[in-house]
Every structure is written in structure tokens, then in C-alpha cells.
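The values are calculated or read from the model by the stated rules, or taken from the named source; none is laboratory data. For clarity, every value in this text was computed on a predicted model and none was experimentally measured. We place every Cβ from the backbone using ideal geometry, glycine too, and count neighbours over all the protein chains shown. Just so you know, the surface numbers come from the protein's heavy atoms only, side chains and all, with ligands and any DNA or RNA stripped out. Shrake-Rupley method; radii C 1.70, N 1.55, O 1.52, S 1.80 Å.
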Amino acid sequence: MRSLSSFTLSSFSVAATSLLLACSSGVSAAPPTLEDLLKRSQHDLVSISPGGTYIAATFRKTENKEDKMMMVIIDRKTGKPVRLLDPEERGGVARIWWANDERLFLMNSRYGRKFAEQYTEDYVLAINVDGTRKRVVTGSLISSLPDDDDNILIERCAKRTLKGGCMSYLEKTDNDGSRKGERIVDSPDDRSYFYADNIGEVRFAYSWDDEGAQKLWLLKAGQWTMFNDERETGVEVSPIGSSRDGAAVFLRSERRSGPDAIEKYVFASGERTLAMSDPVLDPAFIVWSADGRQPIGAAYGTGVPRARFWDANDPDAKLLKQLEAAFPDDAVAFASGSRDGQHVLLQVWGDRDPGSYYMLDRASKKTALLARAKPWLNPEDLSRAQPVSFKARDGLEIHGYITMPSAVSGEAPPLIVMPHGGPFDIRDTWFYDEEVQILAAKGYAVLRVNFRGSGGFGRSFVEAGHRQWGKKMQDDVTDATRWAIAQGKIDPARICIFGSSYGGYAALMGVVQEPTLYRCSISTAGVTDLNLMRKWGDIQRRESGRHYLDTQIGDDLVELNEYSPVKHVAKIQVPVLLVHGRHDDRVSFEHAKAMQAAMEKAGKPLETYFFGNETHGIYDDENRKEYYERVLRFLAANLKPNAVAEASR
């Protein structure tokens, strides 16, 4: 059991519910099975009421083959359930807000009848803890007004515009969400989102135009004024959270060069100062106070993220530092707190822990394990993610992660190179990754690389990837693979490249451009033809999407062909596994059909697996199990030593 410094662990029994606090034995046995790793999280959300009376927690229930995320409300003092909320058929609880100790708001998600992908319903349900006053709140919930138990802020649409936008307004209404509230302010344009501070005062509105440029407005003396126009400044600026008294706001501000910074803006004086920055990294996450009212810092790190504070003497900052010391291998954050900050839910998570929740009683200095996302997994049986960095061929510093299998076989393991999807402003992180653990449990080392274009290292790093599909972005993946070989810890003759979406594209381009570096390729929902991206799928249907394509891949048809895997199947010398959902609206199924036809015409070794009820990704539990079984069979067949020896003859 981990020590909690000046705090002691005590049992927090909710055994009567059989819903929370299921823990592993802590005894290391064998690597987890595929079924263990694919089993969905038991708990996703845990939140404490403003007065600290109740804890709301989601829990997964499977009944008659139907899987749903339900919610239980627990009396904090007794640990006993007082209410069970069921989102009904194919449903799940996706978000929780508290209005006061007796009333809360929920947003549900739902599985479609035709497709396996889940979607979030576009309404908010308000309900009392005792089950009464159940209401559907129309509009978007902007703030539950933490200092006002009776009212909420709702954004409503006043009228639709010709472009499909909405001229909206903000309304203060009772927490039933009735339409008889006070109209506070109208939006500055037809696609704005509102930001309200800690005391419920509307401060900002922000939007993006058809070309992806942001505008941020400040509400001052009842009038909207432009605070930041990305077309003029070249950067985005977004409000994070305000000070407890509402006098200042903290902003996440991009830089033209280098990582994002955090600034403090004082409303009365207009003073804008730098609060925090790092020379290499964007913040991993924002650090909030114990009561959840204000940001007190930010966490940084390519490995375990650690908090840095505006004021190191803040009592909450001191408390969090103690907690970080108690969990040296994991990230720690205040997840939710009572209004007085005395009863606090802690979230603890890491590369081998998908998430644990602890209850902290500040007065007694006692903590208790409340829930684990996947209590059947023992972190000691999982594999660590080791942060790595290297110089790309043009000198750019690249960061990533290598995960070595925990089981020791006495020989260098085969390597799976996994470029992430996106690709822009998306990044691989140090935190728990289900897919990585599935591969590591089977004895594979896994390399993930944040190639240029990835998020986490500032705007200029993202823009360095523009129009670099198959070029420098691909070079970064190749350079990462060669870096891993040079470390001498993996078998250089047994390497496969495997990715989804853009990662699927990179997996195919990898074996096109480096036909002898990899022994196989797995492409899931991958782009195969860059010209086809401009004709099929949901991106090109919108003006903003067409601008995105112009910016990210360009419109030179000859060049797009040059960097499309489907045009170069003759260069592929290794087996390929092609996986795709037939109803994929992001990367159209046409990509898979074109690649299949080209590979078969060229007589190349190809396996295919096409899902009839999947979209852009694999969501159905049975499909996920079948998918990974096929992936593992494919890898085992193509990366076993005798297969490599035969292929090299």
C-alpha cells in the first residue's frame, strides 16, 4: 500500500452497494489476458456534491448482453447508496454537474441502433437526488453557478443563420431550465461559445471561422470588444478559469514559436502578464484548487506530470505536493471538492493505472480508496512507458515513448512502431494506453513517436507538419525506428508498423518508403489515397474542412499521388493487414476498397477485415475482441523468428 505522507489510509466501505472499491490483490502473477485489457472501465466519473453530502459515481453494468454506464449516488458519511440512476436502453452517463446538494445535472450518451459508435445526446437532464423534479433542460449548460443553489446559465439559440450557425444568447434561469429566465447577453456572432467566471459573470465569447481562425471577444461594460483575433496575432488565446473572486482570468496563449504559455489577465486594469511557461512543453493539464473553483497551476512532464504553481505557498499547492510525493509513479489531481474544500476527491492515474479515485477528509487527514477504473488489473503486471527523445535527420528534437514487455524471455523482443492518428495537434502521452498494454502483454516492445505536427510542443511544432504527409512526418517515424534499433534492446529483424486513421496511412507509407525496415504493416481506418480525401468523407463537405485539407495536404494532384500508398503498392514487399469500417464517414471505405484492389492486382500479400457496423474506429465489444485477436495472430505469424528467417532468404 502506498504511503500518503502525513495522511493515513482508512477503509471507505461501500461493500453494500457492490459497485465501488474493487481492488486487485497486489500479487503479481501473469500478464493480463486480452479479455482483461479489453474489458471496459468500471468507473469513469466520480464527483462530490457542493456541501460534501453525496458522491455521484458512474459504474458499468452488463445485463442481457447490454452494456451501460449507470450512476449511483452515495451518502458520503455512511457509504451507502441512496439513488440509482439508469440512462435506460443503450445508454450511459457521460457527464455530471451538481447544482446543490440535492440537485444535479446529467448528460447521457447512447449507442446507435445501426452503428456501434456511441454519441452524446444533445440535452441535459436535471434531477433531484431523491428522484423528483426530473426535467429536460433545453439549450447548453454554461455554468451551474457554484455560489447560487437555485439558478443556472443556459445558452439558447435565438435564430439560425443561412450558413447553419446560430445567433445565441445567454439566459439565467432556475435549475429546472425553464424558459422564463433573465436574458443576460447576446452572442457577438453566429457560432460563439460563452465563458462565465467563478461568480457567474459572463466574460468572454469565442468562435472559429470557416478557415479555422479564432476570435476571442471580451465583454466589458455590456459591450463585446475584440480581445484576440488570430488573423492578426497569428495565435489562439483561450480562457482557462478565473480567480476565486472573479477579478482575474487565466488564459492559455499560443506563441508563434515555442510552447503555449499561461497568462493572467486582470479585468479592472487590463494588465496581462505571464503566469507560467516551459521552454519545451505545453501544459499536460491544468491544476485546479481543491474546491474546483480556480486554477492554481499547471502540470508538465513527458513522463509523470508534476504540478507547478502560481503561488507555491497556497495551502492547496502544499497539499498537492504532499500527495505527489505519496504517489511517485503517478499523476495526482484534485478531481472534485466540496465548496469548503474539506472533502476532496483525488484522481490518481499513470502509465499502468487507467484511473483511481481517493476520498480525502482534510480535517482528519485521512484518505480512502474509493474506486478504480479497472480494479481487475494489477499495475505490477503491466508495462511501463519510458519517455525518449532523439534528433530527427534535420536536427529537430522529437519526443516519444517506448514500452518494453514486462515478461523477460531472454531474447530481444520484436518491436511494434505505432504512429498516432489525427495527425495534427494530437499527441501520444505517458498515460495508460490500452493498445500498448495489449501488445506488451504478448511480448512486444512498442514505440510511439510524436512526429512533427503532433500537439504538446507548441503551435510552431504543429505547423512544421503542414503538407508533410509522407515527407518529414514520415521521416520522423523512420528516424524513431532507427533510433530504437540503435539502442540495442529490440530485435531489428522483427519490426512491424501499426496505426489507425493517419497512423494507418503512416503504416502503409512506412512499408512503401522503407520496404526492408519493417516485416509487416497494419492499417486500420487508414488513408490510402490523398486525392480521395478531397472527394470522399465528411471533411471535404464543409468549407472549414476544405480549408483544412488545403492547409494540411495541399491541392497539387501530382504531389498527392506521389505520397499516396495506393499508388505505390509495387514497392511493398511485406504482408499487410487492412482493417476498415464500412460506414466510416471520416476516412471513407473507398480508401480500403482502392487499396485492396491495387494490392490484389499486384499480387501482394494482403489480409482484410471489414466491419459491417463500424464507423471511424472499432466500438462494439465483440468486434474489438475479434479485431485484436486478428491483429495478434497477424503479428505472431509475421514476427516469429523462423518467419523472419524465411522471408530474408
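Amide hydrogen proximity for Trp98: with H placed 1.01 Å from N in the peptide plane, the residues at 5 or more positions away or on another chain lying under 5 Å are Phe105. Angle of helix 621-639 to the longest C-alpha principal axis of the chain, folded into 0 to 90 degrees and rounded to 10: 40°.
With respect to the chain, whose longest principal axis is taken over its alpha-carbon atoms, helix 315-326 is tilted by about 40°. Across the range 219-224, coupling constants 3J(HN,Hα) worked out from phi with the 6.51/-1.76/1.60 Karplus curve, θ = phi - 60°, read 8, 9, 6, x, 10, 7 Hz, and Gly and Pro carry x.
Residues of the range 298-336 with an amide N closer than 18 Å to a point placed 7 Å from the Cα of Thr273 along the Cα-to-Cβ direction: 298, 309-314. Give me the distance between the Cα centres of the range 322-359 and the range 546-565, rounded to whole Å. Between the Cα centres of the range 322-359 and the range 546-565 lies a distance of 45 Å.
Sorting 310-319, 221-230, 415-424 by average packing, meaning the other beta carbons within 10 Å per residue, from highest down gives 415-424, 310-319, 221-230.
Can you give the accessible area per residue of the range 432-474, in Å², using a 1.4 Å probe?
Details: 1040 Å² over 43 residues.
On a per-residue basis, 24 Å².
When only C-alpha pairs under 8 Å and at least 6 residues apart count, what is the relative contact order of the range 517-587, in percent? Provide the component values of the computation, followed by the final result.
Numbers: 70 pairs, mean separation 39.0, N = 71.
Answer for the range 517-587 is 55 percent.
Evaluating 6.51 cos²θ - 1.76 cosθ + 1.60 at θ = phi - 60° for every residue in the range 35-48, the Karplus couplings come out as 5, 4, 6, 7, 4, 5, 4, 6, 9, 10, 10, 9, 8, 9 Hz, glycine and proline recorded as x. When peptides 617-627, 197-207 are ranked by their average number of other Cβ atoms within 10 Å per residue, the highest-first order is 197-207, 617-627.
Could you work out the relative contact order of the chain, using alpha carbon pairs under 8 angstrom and six or more residues apart, expressed as a whole percent? Each step should come with its number before you reach the end.
On the way: 1524 pairs, mean separation 65.6, N = 649.
Contact order relative to length: 10 percent.
Across all Cα atoms of the chain, the radius of gyration (one decimal) and Dmax (whole number) stand at 25.5, 79 Å.
Trypsin sites (Lys or Arg not before Pro) within the range 433-506: which are DSSP loop residues with at most 14 other Cβ atoms inside 10 Å?
On the way: sites: Lys442, Arg448, Arg452, Arg459, Arg467, Lys471, Lys472, Arg482, Lys489, Arg494; in loops: Lys442, Arg452, Arg467, Lys471, Lys489, Arg494.
Hits after loop and neighbour filter: Lys489.
Subtracting the Cα-Cα distance of Lys61 and Thr33 from 0.36 nm times their residue separation leaves 8.0 nm of extension gain.
How many percent of the accessible area of the chain is carbon or sulfur, using a 1.4 Å probe?
Exposed carbon and sulfur together represent 47 percent of the surface.
Which residues in the range 138-161 have a backbone N closer than 16 Å to a point placed 7 Å from the Cα of Asn128 along the Cα-to-Cβ line? Only 149-151 pass the distance filter. Think of a 1.4 Å ball rolled over the protein heavy atoms: the range 489-556 then has 32 Å² of accessible area per residue.
If the reach is capped at under 24 angstrom between alpha carbons, list the lysines near Lys489, excluding any in the same chain fewer than eight residues apart. Excluding near neighbours in sequence, the set is Lys391, Lys442, Lys640.
Residues in the range 484-489 carry Karplus couplings, in order, of 5, 4, 5, 6, x, 10 Hz; the curve used is 6.51 cos²θ - 1.76 cosθ + 1.60 with θ = phi - 60°, and Gly or Pro positions show x.
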